[in-house]
1. Mind counting the residues in segment 149-168 that are farther than 24 Å from residue 241 by Cα and buried (at least 24 other Cβ atoms within 10 Å of the Cβ)?
2. Looking at (1) outside any helix (DSSP H, G or I); (2) under 25 Å from residue 144 (Cα atoms); (3) free of Cβ contacts under 8 Å to residues at least 60 places away in the same chain, can you tell me which one residue 66 breaks?
3. Considering each residue of segment 242-260, count those that are in contact with a helix residue (DSSP H, G or I) (Cβ under 7 Å, 6 or more places away or on another chain), in contact (Cβ under 8 Å) with a residue 24 or more places away in the chain and farther than 18 Å from residue 293 by Cα, and give that number.
4. Among 92, 119, 112, which is the only one that is touching a helix residue (DSSP H, G or I) at 6+ places or on another chain (Cβ under 9 Å) and surrounded by fewer than 16 Cβ atoms within 10 Å (Cβ to Cβ)?
5. When you check residue 75 against the structure, is it outside any strand (DSSP E or B) and either closer than 28 Å to residue 157 by Cβ or out of contact with any helix residue (DSSP H, G or I) (no Cβ under 7 Å at 6 or more places or on another chain) (or both), yes or no?
6. For segment 333-353, check the following and say yes or no: at least one residue is farther than 30 Å from residue 271 by Cα and touching a residue at least 40 places away in the same chain (Cβ under 8 Å).
7. If I ask for residues that are buried (at least 16 other Cβ atoms within 10 Å of the Cβ) and not in a helix (DSSP H, G or I), which ones from segment 1-30 would you list?
8. Just a yes or no: is a residue in segment 45-53 in a loop (DSSP other than H, G, I, E, B) and either touching a helix residue (DSSP H, G or I) at 6+ places or on another chain (Cβ under 7 Å) or surrounded by fewer than 20 Cβ atoms within 10 Å (Cβ to Cβ) (or both)?
């Protein structure tokens, strides 16, 4: 096990002393509304991040979008005489799943060893971590390559704007670290499922449900048949699941339903699984279980899988050395959740995910972050960056 050098130790010590400042920035970010469709709120979080970076002498840039939150990026350690030096990329998203006003209803708080609030672990604490790593490298130097942090704004809905931005930043990167919440003090993610989010709409025929029942064609009945058929495609043992999570339809209780609609979540491990399953989904949509109905399917969002490649596993082993030095036993996991790390990994860049502070119960009012992991997880990532000589 390698001991920190003098230069590394000064960064570790500085980060130790920043705990209060890190929690203060986290409170500001958590208490700022930033649901995925709230562009103004997501951009307000971006403004807080840019203000912090500016206070550290770090210049940031914006890739703007008219509908979703702008992408914010900042780079430190760049030497114009070493332009061919491949960068190290840190990633994180500013958006949350919560409705407008959620921070007012339950603002940031610390109780015991845990911090609470909307997005506290997924993933505003990871954003804070990336901010302070840039600040440390700006202050002390030592990175073997330019280090870029990318703060996007639409991950929770499949990154419809940010996907292209992520791929552009990841393509030349020598390594990518996505600071999604950690699952334990020594745990990082080396593989994730891909996901396809779909909507389908069914058209039937209205009729009076008492006087003219047989003249109607129920779109709701068709939706029920399609829902059961879609769920039957699930093969959890091989990592394939389909969930119809949202449905609606009908006109009135005494009318045969002329319309219905649903939303489907498909999860998969390999691209071959996606192709085969989507062909079956499309066949279900083309089939009329209730003759006379029609259906239309559209993909509303998609995540690529983060495949457990040799490069990803090697990057984890490199990261694991710092985890051991800081007193935790490292381990890697595969998870069914999707993330932007799949887009980065698919470009061929070595990528690991879940390197952020440890947290849990994301997307719920009970979401939390383990406060005592904020600094150590930041230090572990800093060591991995400082020692990345590949």
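1. Here the count works out to 7.
2. Every listed condition holds for residue 66 apart from (2).
3. 1
4. It is 112.
5. Answer is no for this residue.
6. So far as segment 333-353 goes, no, none of its residues is farther than 30 Å from residue 271 by Cα and touching a residue at least 40 places away in the same chain (Cβ under 8 Å).
7. Of everything in segment 1-30, those that are buried (at least 16 other Cβ atoms within 10 Å of the Cβ) and not in a helix (DSSP H, G or I) turn out to be 4, 18.
8. No, segment 45-53 contains no residue that is in a loop (DSSP other than H, G, I, E, B) and either touching a helix residue (DSSP H, G or I) at 6+ places or on another chain (Cβ under 7 Å) or surrounded by fewer than 20 Cβ atoms within 10 Å (Cβ to Cβ) (or both).
Every read-out reported here was derived from the displayed coordinates using simple, explicitly stated rules and does not represent laboratory data. The structure presented is a predicted model; accordingly, all values stated were derived computationally and were not measured. Virtual Cβ from ideal backbone geometry, glycine too; neighbours counted across all protein chains shown.
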